[in-house]
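Input: a single structure, listed below in structure tokens.
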Amino acid sequence: MKINSPTYWEAMQAKGVNRRDFLKYCAWLGALLGIEASGVGKIVHAMETKKRLPVIWLHGQECTCCSESFIRSSHPVVANVILDDISLDYTETLMAASGYQAEKSYRDTITKYKGEYILCMEGAIPTGNGGVYCCIGGRSMEQILKEAAEGAKAIIAWGNCATHGCVQAAKPNPTGATPVRKLISGKPIINVPGCPPIAEVMTGVIAHVLTFDRIPALDSMGRPKAFYSRRVHDSCYRRPNYDAGLFVETFDDENAKKGYCLYKVGCRGPVTYNSCAIMKWNNGVSYPIQSGHGCIGCSEQNFWDNGPFYKHLPSFPGFPIEKTADDICIAIGAATAAGIAAHAITTNIRKRAEIKEKVEKGRIKNIEKEEGVNNG
């Protein structure tokens, strides 16, 4: 069914956005999505011609931190466009309507725009005991999700709860908390993990779908490659300290004050794929590691069950030399010892040469002396 709504540019004009700001917004989108400058024109054209897509945003087992992150995007125009211009038709948290009016909005969207709307899911879905742990209007969240997913164009799973189950699915998982990907099949699903995801990552994913009318390139876990292709460790400003074997041993020790690597106090940066070290949080001000706390791996599967947060992992993949921090320390210690030994040997050889040279010179002087005496 053809969507009867204004284009994004028309909606922005109605809100007082001028052409200059509109073009700035398109350029910002291009940068956010990793598109070269020559491709910004395609974004401008899409925003001028594409109609607003309706969105249904459901909430399951969660704390609403994804919504809290989403509405705090650091780009003011993005915040306005995403919140107003996507036609957010139904969301239990942000919509003004309630009761029958809210239910009508939901029904109207899934019937009038079947195959055209985007379904956003925030939170895990409990399946234990018939799903009684999360019900709305007498229906389980699993029933509501499957109904909404049936006519959706694509599904975005927000946060670790919807993508992996998060703390609700931690052992022993009494409610049977389950991620979207294990309940829905046959639909494009974009997993945007994190607890919560970064606001600009969320807006970037929606912007991609709206602008290009297709889902972004995904990795094997269904995550957008533009934001989850690199480990936090790879972009961390403390990485040189890791390479040098300089680690914080306990919080607030001298090494912590010097900004050394937090791996030994539990940092999961080496096994966590996210953009925290690049995009950062709170308008790009900081991120956990920069604030002195190790990464807890909140965008990875089963991060609640992967051992204590403040104890380092015994090993991790991906680092070129495939060594743990402990091995690196040992290697550095061994290299240091070898260096000292080599230095001692070199010094000893040099001194022996010097001694030999002096002895030879002494012998020559003695011979010259003796010859001088004899000649005299």
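Summary table below
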{"quantity": "Per-region count, region 71-92, residues modelled with pLDDT of 65 or more, within 20 Å of Leu23 (Cβ to Cβ) and surrounded by fewer than 22 Cβ atoms within 10 Å (Cβ to Cβ)", "calculated": "1"}
{"quantity": "Residue match in region 202-212 (condition: within 23 Å of Val271 (Cβ to Cβ) and in a helix (DSSP H, G or I))", "calculated": "yes"}
{"quantity": "Check on Val167, crowded, with 24+ Cβ neighbours inside 10 Å and under 19 Å from Asn129 (Cα atoms)", "calculated": "no"}
{"quantity": "Complete set of residues in region 193-238 that are of a type in the set (Gly, Ala, Ser), surrounded by fewer than 21 Cβ atoms within 10 Å (Cβ to Cβ) and farther than 26 Å from Leu262 by Cβ", "calculated": "Ala217, Ser220, Gly222, Ala226"}
{"quantity": "Qualifying residue in region 273-293 (condition: touching a strand residue (DSSP E or B) at 6+ places or on another chain (Cβ under 8 Å), outside any loop (DSSP other than H, G, I, E, B) and either over 18 Å from Pro196 (Cβ atoms) or assigned by TED's automatic domain parsing to the domain that holds Gly30 (or both))", "calculated": "no"}
{"quantity": "Residue in region 133-144 that is among the charged types (D, E, K, R), in the same structural domain as Ser67 (by TED's automatic domain parsing) and within 27 Å of the chain's Cα centre (by Cα) present", "calculated": "no"}
{"quantity": "Residue that is modelled with the highest pLDDT [pool: residues in region 255-285 that are hydroxyl-bearing (Ser, Thr, Tyr) and more than 23 Å from Arg223 (Cβ to Cβ)]", "calculated": "Tyr260"}
{"quantity": "From the options Met47, Met1, residue that is under 24 Å from Gly115 (Cβ atoms), touching a helix residue (DSSP H, G or I) at 6+ places or on another chain (Cβ under 6 Å) and at pLDDT below 85", "calculated": "Met47"}
{"quantity": "Residue count, region 222-262 (criterion: of a type in the set (A, V, I, L, M, F, W, C) and touching a residue at least 60 places away in the same chain (Cβ under 8 Å))", "calculated": "5"}
{"quantity": "Odd one out for Leu313 among (1) free of Cβ contacts under 8 Å to residues at least 40 places away in the same chain; (2) outside any helix (DSSP H, G or I); (3) surrounded by fewer than 19 Cβ atoms within 10 Å (Cβ to Cβ); (4) not assigned by TED's automatic domain parsing to the domain that holds Ala27", "calculated": "(1)"}
{"quantity": "Checking Pro174 against (1) at pLDDT 90 or above; (2) in the same structural domain as Gly34 (by TED's automatic domain parsing); (3) in contact with a helix residue (DSSP H, G or I) (Cβ under 6 Å, 6 or more places away or on another chain), the condition it does not meet", "calculated": "(3)"}
{"quantity": "Enumeration of residues in region 296-308 that are at pLDDT 90 or above and more than 20 Å from Tyr228 (Cα to Cα)", "calculated": "Asp305"}
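Let's see how each residue does on (1) under 17 Å from Met95 (Cβ atoms); (2) modelled with pLDDT of 90 or more; (3) crowded, with 18+ Cβ neighbours inside 10 Å; (4) assigned by TED's automatic domain parsing to the domain that holds Pro179:
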position: Ile43; (1), (2), (3), (4): no, no, yes, yes
position: Lys51; (1), (2), (3), (4): no, no, no, yes
position: Gln61; (1), (2), (3), (4): no, yes, yes, yes
position: Ser69; (1), (2), (3), (4): no, no, yes, yes
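The values are calculated or read from the model by the stated rules, or taken from the named source; none is laboratory data. Just so you know, these numbers come straight off a predicted model, no measurement behind them. Note that we place each Cβ from the backbone using ideal geometry, even for glycine, and neighbour counts take in every protein chain shown.
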